[in-house]
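The values are calculated or read from the model by the stated rules, or taken from the named source; none is laboratory data. Note that this is a predicted model, so its numbers are computed, not measured. Don't worry about glycine lacking a Cβ; one is built from the backbone with ideal geometry, like all the others, and counts go over all protein chains shown. Each accessible area value is taken on the protein alone, full model and side chains, heavy atoms only, with ligands, DNA and RNA left out. Shrake-Rupley method; radii C 1.70, N 1.55, O 1.52, S 1.80 Å.
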Amino acid sequence: MSAESTLSRRSFGQTMRADVWWAQPLVVFLGLGAFVVYSTWAALQGRNYYFGPYLSPFYSPEIFGPSPHSWFGAKPVWWPAWLIFSPSLLVLWAPGGFRLTCYYYRGAYYKAFWADPPACTVGEPRSTYLGERSFPLIMQNMHRYFLYLALLFILVLAHDVWKALWFVDPATGRTSFGMGVGTLVLAVNVVLLGGYTFGCHSLRHLIGGFLDQFSKSPACYRGYACVSCLNRRHMLWAWMSLFWVAFSDVYVRLCALGAWHDLRFF
Amino acid sequence: MKTAVFRIWRGNAAGGEFRDYETGVSEGMVVLDAIHHIQATEANDLACRWNCKAGKCGSCSAEVNGMPRLMCMTRLSELPLDKPVTVEPIKAFPLLKDLITDVSWNFRVKKKIKKFKPRPPDAPDGTWRMQQEDIDRVQEFRKCIECFLCQDVCHVLRDHRKYDEFIGPRFLIYVAALEMHPLDTEDRLEELRETQGIGYCNITKCCTKVCPESIHITDNAIIPLKERVVDDYYDPLGWLWKKMRRKKGSGGS
């Protein structure tokens, strides 16, 4: 059933487009590249990730670690001495995997990092193409499993916001209800991550998209409609949440280093 | 009168070249108007397919300044006229002459897709009843005018020539319209994965970008189909859940 085009294959970057087609992949490359570099650096630091009731989202939940936020105490004794330890490394793979396998990001980084294609109607560097049919990209089909983990992370991060409302007076040791800029930073982080996670394409399918007859499952239909509503702006949620989660870490880190002063409203 | 230069591909399967034509432009003109004017005045043998001039027949597909567009829906006021406007045939299909390509591969692909298979009529008058919320989703896919711009822009066909392994965005929409139809009982997931190559789509969203009917091809058709394929082939927990539900259902009845 061949339909071979009579036009010859284009070389890398070849196109008749007159617009600045390279701008979008370049912005994605710089944005995602900067995030990967910063988050890796921040994850490997293993310090300055908490300040009072604030915990950096890169380190939450802190399963093992030296901070008061740790669930099960300090670094476990069974941790191999040769293996670098940071509380972040125990958890960051899950939200990282969620973004890596996200349908939006896939399309974006295939273009920006792999030039597959660099942009619509622009020539590619390779003549072979396997798509997502074989290893390793067939693993992208695990996205829904990362979604389940990401939903748990939303709960944990929401709990972190609750904890960020309780401040310990260093003089008396008493805990009191309050709110600082850091509380708002962490709260906005949960809202943006929630907007991104609850607009996920896999969730849209799992909550009702798998049905052919919505009228027989009104609750699923309502869920599908809600997720679809967020899904329409999935790219926007993805970028806003990506920026803000990094900013949240920067905020907590700079407060912990004493470079920024956390303003308390009450 | 203001003028603009149109750099039009002239040739056939054996070869060709771009030729420049200067023509007058006026307010409200679209690329197809300019092509018709050039055809009438300078190049009577310029081959170009068109029909409705209203963006509904899908005949005048071409590449304007490198992007797949309907010529009748591309206003000259949207284009930078200080430089020549390039007009080429769509590139995913064999060229016949000038701006005309042979898109018959698409019709052969369509014939191979499993047809609509409704469940037995269940209304007292021997027909069916469907609720609006059940058909809202597939109605979007019915807007397709088969201009094949999405097929043209898809790099799996355009660059990698997977004509024997991938059916392209147009027919993934078609399969989605059937697969998600509230009355349909046919299962097309095995074909989608095996012979229709849904796994080749790497979600560039170029098809959505060029669709003149603004169908959300990737988000509303291709990704939901990919998820249905995941249900059946790549999700062991989902498979187990379905099996348990089926067992529970059969036990209860």
So, relative contact order of chain B in percent, Cα under 8 Å, 6 or more apart, is 16
With the dipole of chain A defined by +1 on each Lys or Arg Cβ and -1 on each Asp or Glu Cβ, the option from A:His261, A:Leu186, A:Val28 whose Cα lies farthest towards the positive pole is A:Val28
The helix B:236-252 Cα axis meets the longest alpha-carbon principal axis of chain B at an angle in degrees, between 0 and 90 and rounded to 10, of 50
Computed about the Cα centre, the charge dipole of region B:2-101 from +1 Lys/Arg and -1 Asp/Glu charges at the Cβ has a magnitude in debye, to the nearest 20, of 320
Ordered by number, the trypsin sites (Lys or Arg not before Pro) in region B:179-253 that occupy a DSSP loop and have at most 15 other Cβ atoms within 10 Å are none
Note to self, chain B gives a 222 nm [θ] from helices alone (DSSP H runs n ≥ 4, -39500 (n - 2.57) apiece, / all residues, nearest 500) of -10000 deg cm²/dmol
Ranked by GNM mean-square fluctuation in chain A (Cα springs under 10 Å), the top entry among A:Leu147, A:Leu165, A:Leu186 is A:Leu165
Listed residues A:Pro53, A:Pro125, A:Pro25; largest mean-square fluctuation, Gaussian network over chain A with Cα springs below 10 Å, found at A:Pro125
Per residue of A:15-22, other chain Cβ atoms within 10 Å number on average 5
For the pair A:Arg264 and A:Leu184, the simple spin-label estimate (label points 7 Å beyond Cα toward Cβ) gives in nm 1.7
Under 17 Å by backbone N from the virtual spin label 7 Å along Cα-to-Cβ at B:Asp45, the residues of region B:1-24 are B:8-21
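With a 1.4 Å probe and all protein chains in place, put B:Arg170, A:Arg264 in order of accessible area, largest first. It would help to have the intermediate numbers written out before the result.
Numbers: B:Arg170 15, A:Arg264 105 Å².
These residues rank, largest area first, as A:Arg264, B:Arg170.
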Magnitude of the Cβ-charge dipole (Lys and Arg +1, Asp and Glu -1) of the protein assembly as shown about the Cα centre, nearest 20 debye, reported as 980
Two pseudo-spin positions, 7 Å from Cα along C-beta at A:Tyr148 and at A:Ala23, lie apart in nanometres by 4.3
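Please give me, ordered by residue number, the trypsin sites (Lys or Arg not before Pro) of region A:151-208 that lie in loop per DSSP and have at most 15 other Cβ atoms within 10 Å.
A:Arg174
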So A:Thr128 and A:Asn48, fully extended at 0.36 nm per residue minus their Cα-Cα distance, gain in nm 24.2 nm
Quick note, region B:104-249: a/c under 1.5 would make it rounded; otherwise a/b > b/c is prolate and the rest oblate (a ≥ b ≥ c, C-alpha gyration tensor); here it is oblate
By accessible area (1.4 Å), largest first, B:Met244, A:Met179, B:Met71 order as B:Met244, A:Met179, B:Met71
Percent relative contact order for region A:23-257, counting Cα pairs under 8 Å at least six residues apart, stands at 25
Excluding residues fewer than 8 positions from B:Lys162 in its own chain, the aspartates and glutamates with Cα under 12 Å of it are A:Glu4
With a ≥ b ≥ c from the Cα gyration tensor eigenvalues, square-rooted, and the rule rounded for a/c under 1.5, otherwise prolate when a/b > b/c and oblate otherwise, chain A is prolate
Taking Cα pairs closer than 8 Å and at least 6 residues apart, the relative contact order of region B:2-101 in percent is 35
Where a ≥ b ≥ c are root eigenvalues of the Cα gyration tensor, a/c under 1.5 meaning rounded, otherwise prolate if a/b exceeds b/c and oblate otherwise, the protein assembly as shown counts as prolate
With every protein chain in place, the accessible area of B:Leu240 for a 1.4 Å probe, in Å² rounded to the nearest 10, comes to 80
Order by accessible surface, 1.4 Å probe, largest leading, for residues B:Cys48, A:Cys229 comes to A:Cys229, B:Cys48
For A:Ile138 and B:Lys242, extending 7 Å from Cα along the Cα-Cβ vector and measuring point to point gives, in nm, a value of 1.8
The helix A:181-197 Cα axis meets the longest alpha-carbon principal axis of chain A at an angle in degrees, between 0 and 90 and rounded to 10, of 30
Calc'd 3J(HN,Hα), region B:147-154, phi into Karplus 6.51 cos²θ - 1.76 cosθ + 1.60 (θ = phi - 60°), Hz, glycine/Pro = x, comes to 7, 6, 5, 5, 5, 5, 7, 5
Given the candidates B:Ala177, A:Trp71, A:Gly131, the one whose Cα lies deepest towards the positive end of the charge dipole of the protein assembly as shown, counting +1 at each Lys or Arg C-beta and -1 at each Asp or Glu C-beta, is A:Trp71
